[in-house]
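The values are calculated or read from the model by the stated rules, or taken from the named source; none is laboratory data. Model, not experiment: these values are computed from the prediction. Positions of Cβ are backbone-derived with ideal geometry, glycine not excepted, and every protein chain shown enters the neighbour counts.
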Amino acid sequence: MKNGVNKSIITAILAAGLLSACGKSPENVADSFYRAMGKGEVTEAKTYLSSEMINTMGDAKLTRAITAEASRISACGGIKNIETDLKGEGEVRTGTSIVSYVSETCKTSNHKTKMVKEDGDWKLSISK
């Protein structure tokens, strides 16, 4: 009986997690992008990018850029914190994402961030 209760609890937690992932805020998507990049998960990181960004930069160039940034983040001991501040309404948000690193010798990165709603999901787009 106890195993059945534990399985039910685990199933409920997983279901809640999956449902909450469906409605990610633009800030959460930006956070997920930087964390995937920081782990060297290139394919995962690219899922958070808008089609405009992918088409403009091209897959090979994006892969090289994400891989290079992942190496730099790794050399900084990984990501310590990400703070994203976005403004706007509707299907576009703009602002900044500030990424700090575990190693204190690495400077905090300040990124212009533009998020667009694409097919119902928030995606990072090209900031102009």
Exercise for the section: Return a yes/no flag: does region 49-62 have any residue that is touching a Lys or Arg at 6+ places or on another chain (Cβ under 6 Å), among the polar types (S, T, N, Q) and surrounded by 14 or more Cβ atoms within 10 Å (Cβ to Cβ). Expected result: yes
Handout entry: Selected residue [free of Cβ contacts under 8 Å to residues at least 24 places away in the same chain and β-branched (V, I, T)] from T56, T63, T84
Key = T63
Practice task
Determine whether region 5-25 contains at least one residue that is crowded, with 18+ Cβ neighbours inside 10 Å and modelled with pLDDT of 95 or more.
Solution key: no
